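A.B. asks: One structure is given below, represented as structure tokens, and several questions about it will come after.
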């Protein structure tokens, strides 16, 4: 199915529906089944395999620099004089997990047990993840050995090994804590492939097209190659991303077999939205984030994740129009700079600096304040088997105090400009057409 179909509003999507035994549809996304696709039964063995090299490296690092003992709940922390400096597991490790896909029933069972997706800590975890994405996409040297992106990816790999080892140890103590038979090894090969697909194929064939942005075949191949390399460094299977076609088939196979939201999925997804609502620098409201979720993920998946729509049809239309304005803004920025290569290079460099400031440097604007030290902060414990859903009251209160956020004002401005441009263009076209008709009639007399 052509990429442009993803940009069609959901109410008109039926006009482009295909039919036939080879077609599949899941969560408002339709695709053609090919020889590259794999069924759930074919992929199931991957939930019992994992990155053993990363585990061996972590064990060896523990021998070189034994980890500080994790105190049980209620134990007093050691005095400051007894505290050890935190280990760096690149020079010893710990980074926040990149395991994504809140709709995956199995993946969220691991995420919930870390306790790191509570509403009060979600925003920091997302900023740390985004810092990693900025590092691996900043330049070629950044993802080569000893580059910042390479180092961060190795830290992710070692943290995955640490989380996996901890959960399996707790499951050995208490069988009901985590079921390997039902959920597979924590952070297994299938989970890792799903993570790479989320950051690559899902963006190329769903995320960007639904915002009206379409990449060339060369750009897609390059982007898949980047994340195939990141997958190699992080210990994920790379064969599913050997080509752009294989990467797309992997994403679609995972959508069909893995994306079945549970109550835990809904909790974590809503905590992400609530944790990001009304935060600097954009102060985007919770209803706007919800409208974005419905636009980019489709109404069926958003409803399955129990994301509440803006209340009332008028507010629903208002926020949907704002999201449309945002998509028009992103598309205009993308294509306008692409037509002038010099502008594109300057914009990319400027955008990287701005995003890094908003993610890492500018603490007064809600950034981390400094590059994260990558501590292993969210240690699974036996009494944490789930994550509680955050309340909307605080986000709604802040939204009323702050009013319309800057991103929402930008969307309104974009729509206004687009309306003026379309109106002026239509009026000019009408004048030209009328003048041409009159001139033609004058010649015929």
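A.B. asks: Identify the single condition in (1) more than 17 Å from the chain's Cα centre (by Cα); (2) farther than 30 Å from residue 30 by Cα that residue 123 does not satisfy, given that it satisfies every other one.
C.D. replies: Only one criterion is unmet by residue 123, namely (1).
A.B. asks: Do we have any residue at all in the stretch 201-222 that's in contact with a strand residue (DSSP E or B) (Cβ under 8 Å, 6 or more places away or on another chain) and either free of Cβ contacts under 8 Å to residues at least 60 places away in the same chain or part of a helix (DSSP H, G or I) (or both)?
C.D. replies: The answer is yes; a qualifying residue exists.
A.B. asks: If you don't mind, there's one more thing I want to ask. If you check 194, 235, which single one turns out to be under 22 Å from residue 45 (Cβ atoms) and touching a strand residue (DSSP E or B) at 6+ places or on another chain (Cβ under 8 Å)? Outline the logic, then answer.
C.D. replies: Values: 235 fails: touching a strand residue (DSSP E or B) at 6+ places or on another chain (Cβ under 8 Å).
Only one candidate passes the filter, namely 194.
A.B. asks: Then there is this: Against the definition (surrounded by fewer than 17 Cβ atoms within 10 Å (Cβ to Cβ), at pLDDT 75 or above and over 30 Å from residue 260 (Cβ atoms)), how does residue 332 come out, yes or no?
C.D. replies: So residue 332 passes the test.
A.B. asks: Can you tell me which residue within the stretch 231-252, out of those that are within 18 Å of the chain's Cα centre (by Cα) and within 20 Å of residue 22 (Cα to Cα), is surrounded by the most Cβ atoms within 10 Å (Cβ to Cβ)?
C.D. replies: 247
A.B. asks: Let me ask you something else. Considering only residues of the stretch 283-315 that are modelled with pLDDT of 85 or more and at positive phi, which is surrounded by the most Cβ atoms within 10 Å (Cβ to Cβ)?
C.D. replies: Of everything passing the filter in the stretch 283-315, 298 is surrounded by the most Cβ atoms within 10 Å (Cβ to Cβ).
A.B. asks: Limited to the stretch 126-148, what total is found for residues that are in a helix (DSSP H, G or I) and without any contact (Cβ under 8 Å) to a residue 60 or more places away in the chain?
C.D. replies: Counting residues in the stretch 126-148 that are in a helix (DSSP H, G or I) and without any contact (Cβ under 8 Å) to a residue 60 or more places away in the chain gives 7.
A.B. asks: So which of 341, 380 ends up being surrounded by 14 or more Cβ atoms within 10 Å (Cβ to Cβ), over 17 Å from residue 213 (Cβ atoms) and at pLDDT below 80?
C.D. replies: Selected residue: 380, the only one of 341, 380 that is surrounded by 14 or more Cβ atoms within 10 Å (Cβ to Cβ), over 17 Å from residue 213 (Cβ atoms) and at pLDDT below 80.
A.B. asks: Here's a follow-up. Select from the stretch 175-200 the residues that are under 19 Å from residue 155 (Cβ atoms) and not in a helix (DSSP H, G or I) and write down the one among them that is farthest from the chain's Cα centre (by Cα).
C.D. replies: Out of the qualifying residues, it is 186.
A.B. asks: Mind listing whichever residues of the stretch 6-52 are assigned to a helix (DSSP H, G or I), within 28 Å of residue 217 (Cβ to Cβ) and free of Cβ contacts under 8 Å to residues at least 12 places away in the same chain?
C.D. replies: Scanning the stretch 6-52 gives 12, 15, 42.
A.B. asks: Please verify whether residue 254 is modelled with pLDDT of 90 or more and more than 30 Å from residue 285 (Cβ to Cβ), treating the condition exactly as stated.
C.D. replies: Criteria met by residue 254.
The values are calculated or read from the model by the stated rules, or taken from the named source; none is laboratory data. Note that this is a predicted model, so its numbers are computed, not measured. Please note: Cβ atoms are built from the backbone with ideal geometry, for glycine as well, and neighbour counts cover all protein chains shown.
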